[in-house]
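Right, one structure below, let's go through it.
Here, each number is a calculation from the coordinates, and none is a lab measurement. Not measured: the values here are computed from a predicted model. Note that each Cβ is placed from the backbone with ideal geometry, even for glycine, and that neighbours are counted across all protein chains shown.
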Ligand code: DX5
Ligand code: ZN
């Protein structure tokens with residue numbers, strides 16, 4: 001299973017996005033958090049800024065849409081060129097149709113679950129998605145503590161993916177750091193979003209490498 005590192009730019013310096021993105025050229029993706037002040041109590045950025053990011057990012061863009069009505073708004077992010085577009089199960093009306101729309105635009109399709117949202121209703125639909133995002137904090141803000149109570153859901157999701165013989169990625173987002181990345185990897189995650197851990201570090205590139213090494217080592221055991 002490949003290890004994928006996707007640093008979140010949410011807590012980077014938005015006045016210098018080009019410079020902040022350059023720091024994570026050694027990562028696999030740039031995780032871009034879109035928030036609409038309705039689905040979550042925070043407002044970050046939207047499509048025009050994502051289009052600018054797409055023009056200068058050294059790595060593909062992994063868009064995490066924390067917005068209401070993704071059925072209406074998400075396809076434009078795929079059309080703009082995001083390599084992966086993840087929407088929330090709690091907000092989508094027709095998640096399968098939306099995932100198919102995203103894939104038809106050439107993007108990977110991701111389904112995100114808040115900490116209290118179960119994976120079980122979606123297990124039969126796993127083939128429709130390229131990635132499941134198990135939120136390990138309540139979405140909305142960077143810098144929160146990893147919720148260990150999400151680990152059993154990560155394990156159950158990984159077991160279901162393996163049992164079905166699928167190549168669906170399993171992403172964790174929220175509170176991922178050197179202290180927690182191994183727990184998430186042990187539980188079965190293979191895609192790691194880290195915001196403050198990377199951007200608060202003195203050397204963001206070294207932090208990306210450290211997270212990758214720890215996750216790789218955890219998967220070897
Ligand atoms: C939170 C966002 C995260 C956030 C993670 O709702 O989805 O991507 O940037 O930040 P950290 O890694 O600081 O918890
Ligand atoms: Zn995110």
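Would you mind computing, in nm to one decimal, how far apart the modelled labels at residue 144 and residue 213 are, each placed 7 Å from Cα along Cα→Cβ?
About 3.1 nm separates the two model spin labels.
Based on the Cβ-Cβ distance from residue 79 to residue 163, what FRET efficiency comes out when R0 is 45 Å, to the nearest 0.05?
In this case the efficiency is close to 0.85.
With each label point set 7 Å from Cα along the Cα-Cβ vector, what nm distance links residue 25 and residue 51?
Spacing of the two 7 Å Cα→Cβ label points: 2.7 nm.
Multiply the residue separation of residue 93 and residue 220 by 0.36 nm, subtract the distance between their alpha-carbon atoms, and state the gained length in nm to one decimal. Walk me through the numbers before you get to the answer.
Numbers: separation 127, 0.36 × 127 = 45.72 nm, distance 3.89 nm.
In short, 41.8 nm is gained.
Taking just the C-alpha trace of the stretch 93-142, give me its Rg and Dmax in Å.
11.7, 31
What base-10 log of the normalised intensity I(q)/I(0) is obtained for the stretch 143-221 from the Debye formula, alpha carbons as equal point scatterers, at q = 0.20 Å⁻¹?
For the stretch 143-221, the Cα-only Debye profile gives -0.85.
Evaluate the distance, in nm, between pseudo-label points positioned 7 Å from the Cα of residue 124 and of residue 13 along their respective Cα→Cβ axes.
With each label point 7 Å from Cα toward Cβ, the separation is 5.2 nm.
For the stretch 4-220, report the translational diffusion coefficient in µm²/s to the nearest whole number, using Stokes-Einstein at 37 °C, 0.692 mPa s, and a Kirkwood Rh over Cα pairs.
It comes out at roughly 194 µm²/s.
Quick check: from the Cα gyration tensor, does the stretch 126-165 come out rounded (a/c under 1.5), prolate or oblate?
Working: a/c = 4.64, a/b = 1.87, b/c = 2.48.
The shape class here is oblate.
Classify the stretch 104-181 as rounded, prolate or oblate, taking a ≥ b ≥ c as the square roots of the eigenvalues of its Cα gyration tensor: rounded when a/c is under 1.5, otherwise prolate if a/b is larger than b/c and oblate if not.
prolate
How do 51, 128 rank when sorted from fewest to most other Cβ atoms within 10 Å of their own Cβ? Each step should come with its number before you reach the end.
Numbers: 51 14, 128 17.
Lowest count first: 51, 128.
State whether the stretch 56-154 is rounded, prolate or oblate according to the following rule on the C-alpha gyration tensor (a ≥ b ≥ c being the square roots of its eigenvalues): a/c under 1.5 gives rounded; otherwise a/b larger than b/c gives prolate, and the remaining case gives oblate.
Working: a/c = 1.82, a/b = 1.28, b/c = 1.42.
Judged from the Cα gyration tensor, the stretch 56-154 comes out oblate (a/c at least 1.5, b/c at or above a/b).
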